[in-house]
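The values are calculated or read from the model by the stated rules, or taken from the named source; none is laboratory data. Keep in mind it's a predicted model, so treat the numbers as computed, not measured. Note that each Cβ is placed from the backbone with ideal geometry, even for glycine, and that neighbours are counted across all protein chains shown. The protein model used for the area step is the full one, side chains on, heavy atoms only, and it has no ligands, DNA or RNA in it. Shrake-Rupley method; radii C 1.70, N 1.55, O 1.52, S 1.80 Å.
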Amino acid sequence: MTDSRAPAVPCQHSPAWALLRQAFDSHGRAFDLREAFRADPQRFERFGLQAPHVFADLSKNLIDAKVESLLFQLARERDVERLRDAMFAGEPINNTEHRAVKHWLLRTPRGASADADLVHVHETLDAMLAFAERVRADDAITDIVNIGIGGSDLGPQMAVAALDEFVLPGKRFHFVSNIDGHELASVLKQVNARGTLFLIASKTFTTIETMTNAHSARAWFEAQGGTDVARHFAALTTNVEAAREFGIATTFPFWDWVGGRYSVWSAIGLPAAVAIGADRFRQFLAGAHAMDEHFRTAPLEHNLPARLGVLDVWYRNFHGFTSRSIAPYHSALRRLPAYLQQLEMESNGKRVDREGRPLGVGTSPVLWGEPGTNGQHAYFQMLHQGTDVVPVEFISVKHAAHQLAGHHEQLLANALAQAQALMQGRRDAGGHKDFPGNRPSTFMVLERLDPAGLGALLALNEHRVFTSGAVWGIDSFDQWGVELGKVLAKDLVARMGNGDAEGLDPSTAGLLKHLR
Ligand code: F6P
C-alpha cells in the first residue's frame, strides 16, 4: 500500500519550488504574452491539448516551456503520480476520514477494474436506471422534486440544466436545497401530490436542511391527501437505515468512498438519469471514464488535468492570484460555476496538510462566474481594467443545439474577442481608455454539450483539483470546515426560541434581539 501521508517536506521547501521562485523572479513576473507569441510562432500548438471530448488552449497563460517543466518537476517531487495511482488503486487517501476515494469507480465499465465494489456499483446503477426509465414512462408523474444540498443538489441541478437539449418533454424538474422555507413553498405551489416524485438526496441522511425540507414535503404530501409514500418518495443515500426509518421504501444506495461533491455519478445523479434516460446517463459516465483514463495514463506533460492543476499552483503561489473566473459561453452551463465552486473550494480550501501541519502557502482560489455574454455586461470591466489580475476560463461549445440563425456565431465570436482583448489590451490616448492586456485565460472547446462531453468536463475539473491539492499536500476529500457553523446553528435555534443571550458575544446577542 502507498503511504498516503503528506510529503514530510512542505511544498515550498521542495527543490523545484526554489527553482520556480527563481524563474518567477527572473522572467515570470514580467512575462508578456504578446512577446511570447512573437518569439514562438508554435506557441498555440505547444500549449494546446486535445483530451477526451475537451480541447484546451493554454497558450494565453503566463507560462513558458521552462516554467511548465519546473511545474511538472514540482508535481513529481510532491508525489502527485503516486497519490493518483493510490487513488485509482482504492487506497484510503482521504486520510483524515480513513476512506478510499473512488468516485472514478462509479464510471468504470463492468469488468474494467479488479475493485470488488464494482459489482455493487453496477447492480445499483442498473436498478437506478431501470427506475429512471419507469419514471420516464409514467405519464402520471409530471414533476420530480429533488431535495438535497451541496453535492446532493449542485451536480444533478447543473447536469439537468446543461443537458436541457436531451430532457424528456412533459417532465419538470425542481431542486430544493435551502432551509429557507420560501424555496420549498415556491415549488409546492407549482406541483400537485398525485403527479410528484420527491427524491430525498443526502449522503448522510442527517443534513439539517435536507431533513427539514423532507419532513415538510411529506407533511404537505399527506395534507394534500397523498397516501402512497412508497410511490412518491425515493431516497438516494449511503444511510439506507435512516431512509427506511423516514418511511421510504425505494432507496438507491451509494458508499462512504464517494465524497458529496463527487457524487453526481452515483445514485445522486438520479434526477439527471430521469431527465435524459438510461442510455444517455451511461454516456455521461463514459465521458468521465475517458477522462479518468487520460488522467491515469498520460504523462504529466500531455495530461490536461495535470497541466491545469500545476498552472493553478503557479498562479496561486507565485503570481499571487486569488481567484479564477469561470466563463461558460453556453447558457445551459449557468450552474457550472456554482458546481465548480464547491468542487474546488470545499476540496482545496484548507490551511493544513494531510498531517494537520499549517501549510504556509495559499491554497484554493475563489471561483466565481456567470455565463457569457452576460458577464461581459456586468463584471468584465474589472477583468479588463481592474487592479487585480484574474485568470479567466472560457468554456465554449462548437455546435449549438438550436437552429436560430446567427446567434451561435455571435456567441463564439464574443468568447474569442474577450480572450483576445484580455491578452492584447489596447494602447490609446492613455488614462481611462487604455487596456493593459497581458491578462491570462484558458479557452476550452467542447464539440457539443452532450452527456459524454459534460462528463469529461466535470472529471477534468475533479482531477485538476486533485493535482493542485496533491502538490500542496492537503486532503482534498474531507470538509471539516463546515462543522463549526452547524454546531453553532443548533445552539442558536434554541436561543431564537427562548431569547437566551447568555454567554454570546455582544454582536450575536444584539442581532438575536433584532431578529426575534
Ligand atoms: O456542506 C457539507 C456537506 O457535507 C457537503 O460536503 C455535502 O455535499 C453536503 O453537506 C450535503 O451532505 P449530505 O449529502 O450528506 O446531505
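All Cα-Cα separations within the range 425-516 were binned at 10 Å from zero, giving a P(r) of 11, 19, 15, 18, 25, 11, 1, each value a whole percent of the pairs. Number of Lys-Lys pairs in the chain with C-alpha atoms under 19 Å apart and a separation of 8 or more places or on different chains: 5.
Could you give the C-alpha radius of gyration of the chain expressed as a fraction of 2.2 N^0.38 Å, taking N as the number of residues it contains?
Numbers: Rg = 24.0 Å, N = 516, 2.2 N^0.38 = 23.6 Å.
After normalising by residue count via 2.2 N^0.38 Å, the value is 1.02.
GLY170 sits among other residues whose Cβ lies under 10 Å from its own Cβ, and their net charge, with Lys and Arg +1 and Asp and Glu -1, is +2.
What does the charge count near SER14 come to, summing +1 for each Lys or Arg and -1 for each Asp or Glu among other residues with Cβ under 12 Å from its Cβ? Before the final figure, lay out each step's value.
Numbers: positive: ARG21, ARG76, ARG78; negative: GLU77, ASP79.
Surrounding charge for SER14 is +1.
Helix by helix through the chain, keep the DSSP H runs that span 15 Å or more along the axis on Cα and average at least 0.0 on Kyte-Doolittle, and give those back in order. Please report the intermediate quantities before stating the final value.
Details: long enough: 65-77 (18 Å, 0.18); 118-137 (28 Å, 0.47); 208-223 (22 Å, -0.31); 278-297 (28 Å, -0.68); 407-424 (25 Å, -0.07); 451-472 (32 Å, 0.62); 483-498 (24 Å, 0.11).
Long hydrophobic helices here: 65-77, 118-137, 451-472, 483-498.
On the principal axes of its alpha-carbon atoms, the range 40-96 has extents of 46, 28, 16 Å, going from largest to smallest. Split the accessible area of the range 1-100 by element, probe 1.4 Å, and carbon with sulfur accounts for 54%. Would you mind telling me the share, in percent, of accessible area of the range 417-516 contributed by carbon and sulfur at probe 1.4 angstrom? Roughly 58 percent, rounded to a whole number. With a ≥ b ≥ c taken as the square roots of the eigenvalues of the C-alpha gyration tensor of the range 315-361, please select rounded if a/c is under 1.5 and otherwise prolate if a/b is larger than b/c or oblate if it is not? Taking the square roots of the gyration eigenvalues as a ≥ b ≥ c, the range 315-361 is oblate. Per residue, the average separation of C-alpha pairs within less than 8 Å and at least 6 apart gives the chain a relative contact order of 20 percent. Computed about its Cα centre, the charge dipole of the range 348-389 is approximately 220 debye, with only Lys, Arg, Asp and Glu carrying charge at their Cβ.
Restricting to the range 295-447, what percent of DSSP beta bridges are antiparallel, rounded to 5? Working shown, then result.
Details: 2 of 17 bridges.
So the antiparallel bridges in the range 295-447 amount to around 10 percent.
With both residues required to sit in the chain, DSSP beta bridges show an antiparallel share near 25%. Each helix, a run of at least 4 DSSP H residues, gives -39500 (n - 2.57); summed and divided by the residues of the chain, these come to -13000 deg cm²/dmol at 222 nm. Counting only Cβ charges, +1 for Lys and Arg and -1 for Asp and Glu, the dipole size of the chain around its Cα centre is about 760 debye. With the alpha-carbon atoms of the range 133-274 aligned to their principal axes, the span from lowest to highest coordinate is 38, 36, 29 Å, starting with the largest. Once the Cα-Cα distance is subtracted from the 0.36 nm per residue extended length, the SER186 to LYS513 segment shows a gain of 114.9 nm. Shape of the range 319-470 from the C-alpha gyration tensor: oblate (a/c of 1.5 or more and a/b not above b/c, with a ≥ b ≥ c the square roots of its eigenvalues).
Evaluating kT/(6 pi eta Rh) at 4 °C and 1.567 mPa s, with the Kirkwood radius of the range 396-454 over Cα pairs in the Stokes-Einstein relation, gives 96 µm² s⁻¹.
What is the dipole size for the range 137-208, taken about its Cα centre, with +1 at each Lys and Arg Cβ and -1 at each Asp and Glu Cβ, in debye to the nearest 20? Write down the numbers at each step before the final one.
On the way: 5 positive and 8 negative charges, 34 e Å.
The calculated dipole for the range 137-208 is roughly 160 debye.
Candidates LEU311, GLY260, TYR329 compared by Cα position along the dipole of the range 240-341: farthest toward the positive end lies TYR329, with charges placed on Cβ. With all protein chains kept in place, the per residue accessible area of the range 212-343 amounts to 31 square angstrom at a probe of 1.4 angstrom. Solvent-free Debye calculation, one equal scatterer per alpha-carbon of the range 350-431: log10 I(q)/I(0) at 0.16, 0.23, 0.25, 0.26 Å⁻¹ equals -0.78, -1.16, -1.28, -1.34.
Averaged per residue, what accessible surface does the range 1-128 expose to a 1.4 Å probe, in Å²? Provide the component values of the computation, followed by the final result.
Working: 5960 Å² over 128 residues.
Value for the range 1-128: 47 Å² per residue.
Take the range 386-516 with all the other protein chains still there, run a 1.4 Å probe, and you get 51 Å² of accessible area per residue.
Share of the range 298-390's accessible area from carbon and sulfur, percent, 1.4 Å? Write out the running numbers ahead of the final one.
Numbers: 1730 of 3400 Å².
Exposed carbon and sulfur together represent 51 percent of the surface.
How would the range 1-75 be classified by its alpha-carbon gyration tensor: rounded, prolate or oblate, with rounded meaning a/c under 1.5 and the a/b versus b/c comparison settling the rest? All intermediate terms of the calculation are to be shown ahead of the outcome.
Numbers: a/c = 3.61, a/b = 1.40, b/c = 2.59.
Oblate.
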